[in-house]
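Let me begin by presenting the structure, written as structure tokens, before commenting on it.
The values are calculated or read from the model by the stated rules, or taken from the named source; none is laboratory data. Keep in mind that what you see is a predicted model, and the values were worked out from it rather than measured. No Cβ is skipped: glycine too gets one built from the backbone with ideal geometry, and neighbour counts run over all protein chains shown. Note: accessible area is taken over every heavy atom of the protein model, side chains too, but ligands, DNA and RNA are not part of it. Shrake-Rupley method; radii C 1.70, N 1.55, O 1.52, S 1.80 Å.
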Amino acid sequence: MKFSKYHIATDELSEVDMKNKRIIFSTRSSTSILVEEELYQKAITNDFSGMNKKIFNTLVEKEFIIPVDENEFNYVISTNKEARDKVNFLSMTIQPTANCQLGCHYCGQTHSKDTANENVINKYVERIENVFSKNEVYNGLSITWYGGEPLMGYSSIIKASKKMIEVCKVRNFTYISNMITNGLSLKPKLFEQLVRECNITDYQITLDGTSESHDTRRITKKGEPTFDLIMKNIVDVTSTETYSNYKCNISIRVNIDKTNYQYVDPLIELIKELGLQDKISIYFAPITDFGGNDAGKESLSLDFFAQKEIEWLFKCYEYKIRINNILPQRSYSVCMVQNKNDEVWDAYGNIYACWEFPYSEYAKGDSLIGNLFDTEETYNKNATLRNWDDVLDSGKTWCKTCNHLPVCGGGCPKLWHEGTPACPTFKSNYKDRLLLDYFIKKNEKK
Ligand code: SF4
Ligand code: SF4
């Protein structure tokens, strides 16, 4: 047996009053364990002599200790493929309109008033029926609504949802749905319709800090501020009975760079003041270039961002604001590009593998899989990013030799494709995250 290379660890923990101890985390099983320093030092040299049998068995079960002749990279890649073949939910992303009210500087899209008409909607439904009939593995459908701003095409969303829900009903399949929206039009009345008629229960809304920073960047095309309107919508929507009865969630995404990281703490304070802490969740995202649009020119360094993120996560934990996982889960597909049947459709019926492609400079050429109005035989099976497994195996990115691979999957294939390393902040702040997770779990047990 040998100690898995797919593990990470904190330093020895004397500094936090846990002398001669260390937390280890298997990225193969997404499990963290507090161990004695002596055990760790011996284990990493594959010396398991004298190890308590129960601890040894736990370390084998959680994949810290593995067969000596196993090629771990091959094992992880083949396990991922097997898991993907068994995924029983078909996940499609629909960008029903090329329209958006906002003019954010970091957006890589070109907007127009075009929205999916009845013919396009019928093609969405036809494609779903077609994929279902050719793949017996599925028993559910998940639809993500994205844009442009999807609510600029809300009547297409309502029409298409009703048809897709009916397809699932006839087959006795589960139907779930979520939306990425700027939140400007998400008034309670519309929200209730989207939940009750379209099963859209999860929403992601972006706030770039408090109004001081948000209103310098997430402005309308005419330059008008949007923070107060969006925040009011969040407060109103989360106060509805529908929000609690249907177990809805709004996840607030904060896009961050050098020009607004100072406004994240005040945003967290405001969320608490407004009593939203047990209603929404929050996460933090660095701004990066979009296809060479220079949006990332004010990016924070990964290390600085990661350090600030830990402070924000601690603050959210103190304020009881829900945060997404402190520690990452095992990832069997990096994102939709690795699931061959998962597709993105735009308002014209164009098909892509990545949701950043429609309405952008990627909208044509090799990135285009095809169009729903054409026959499947014409589709480009080798469209940009669909070859992510080959890219990983080729060693063109750092991922093949990275011990984070089983939980990371490679970050974002599009970023690597553009020549930007896509490592998540976890790679820089995992030691602090392991400790934060440990203390949270310890407190929960009290
Ligand atoms: S390649 Fe990147 S941007 Fe595209 S869907 Fe995957 S994670 Fe998202
Ligand atoms: S993206 Fe970075 S952290 Fe993720 S597997 Fe690749 S090298 Fe590792």
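Summary table
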{"item": "Matching option when the condition is farther than 23 Å from ASP374 by Cα, over 25 Å from the mean Cα position of the chain (by Cα) and part of a helix (DSSP H, G or I), among GLU166, GLU136, GLU126", "result": "GLU166"}
{"item": "Residue in the stretch 141-158 that is in contact (Cβ under 8 Å) with a residue 60 or more places away in the chain and touching a helix residue (DSSP H, G or I) at 6+ places or on another chain (Cβ under 7 Å) present", "result": "yes"}
{"item": "Matching residues, the stretch 38-50, being out of contact with any Phe, Trp or Tyr (no Cβ under 8 Å at 6 or more places or on another chain) and either closer than 28 Å to TYR332 by Cα or buried (at least 17 other Cβ atoms within 10 Å of the Cβ) (or both)", "result": "LEU39, TYR40"}
{"item": "Residue tally, condition open to solvent by 20 Å² or more (accessible area, probe 1.4 Å) and closer than 21 Å to VAL235 by Cα, over the stretch 274-314", "result": "6"}
{"item": "Residues of the stretch 321-334 classified as modelled with pLDDT under 95 and either aromatic (Phe, Trp, Tyr) or open to solvent by 20 Å² or more (accessible area, probe 1.4 Å) (or both), total", "result": "4"}
{"item": "Complete set of residues in the stretch 28-59 that are touching a Leu at 6+ places or on another chain (Cβ under 7 Å) and part of a loop (DSSP other than H, G, I, E, B)", "result": "SER30, MET51"}
{"item": "Residue within the stretch 71-85 that is within 22 Å of LYS400 (Cα to Cα), surrounded by 13 or more Cβ atoms within 10 Å (Cβ to Cβ) and in contact with a strand residue (DSSP E or B) (Cβ under 9 Å, 6 or more places away or on another chain) present", "result": "yes"}
{"item": "Residue among ILE8, ILE55 that is β-branched (Val, Ile, Thr), buried (at least 18 other Cβ atoms within 10 Å of the Cβ) and out of contact with any Cys (no Cβ under 6 Å at 6 or more places or on another chain)", "result": "ILE8"}
{"item": "In the stretch 390-417, the residues that are more than 9 Å from ligand 2 (Cβ to nearest atom) and either under 21 Å from SER4 (Cα atoms) or under 19 Å from the mean Cα position of the chain (by Cα) (or both)", "result": "ASP393, GLY395, PRO413, LYS414, HIS417"}
{"item": "Matching residues in the stretch 166-202 - criterion: being within 24 Å of GLY349 (Cβ to Cβ), buried (at least 18 other Cβ atoms within 10 Å of the Cβ) and of a type in the set (A, V, I, L, M)", "result": "MET179, ILE180, LEU194, ILE200"}
{"item": "Tally of residues being among the charged types (D, E, K, R) and touching an Asp or Glu at 6+ places or on another chain (Cβ under 7 Å) across the stretch 417-444", "result": "2"}
{"item": "Residue in the stretch 21-31 that is touching a residue at least 12 places away in the same chain (Cβ under 8 Å) and over 24 Å from ILE326 (Cβ atoms) present", "result": "no"}
{"item": "Residue in the stretch 100-116 that is open to solvent by less than 10 Å² (accessible area, probe 1.4 Å) and part of a helix (DSSP H, G or I) present", "result": "no"}
{"item": "Cβ-Cβ under 6 Å pairs, at least 6 apart or on other chains, the stretch 262-291 side within 14 Å of GLU309 (Cα to Cα), far side charged (D, E, K, R) and part of a helix (DSSP H, G or I)", "result": "TYR263/GLU212; ILE268/LYS315; PHE284/GLU309"}
{"item": "Close pairs (7 angstrom Cβ cut-off, 6 or more residues apart or separate chains): under 12 Å from GLY140 (Cα atoms) in the stretch 169-184, open to solvent by 80 Å² or more (accessible area, probe 1.4 Å) anywhere", "result": "none"}
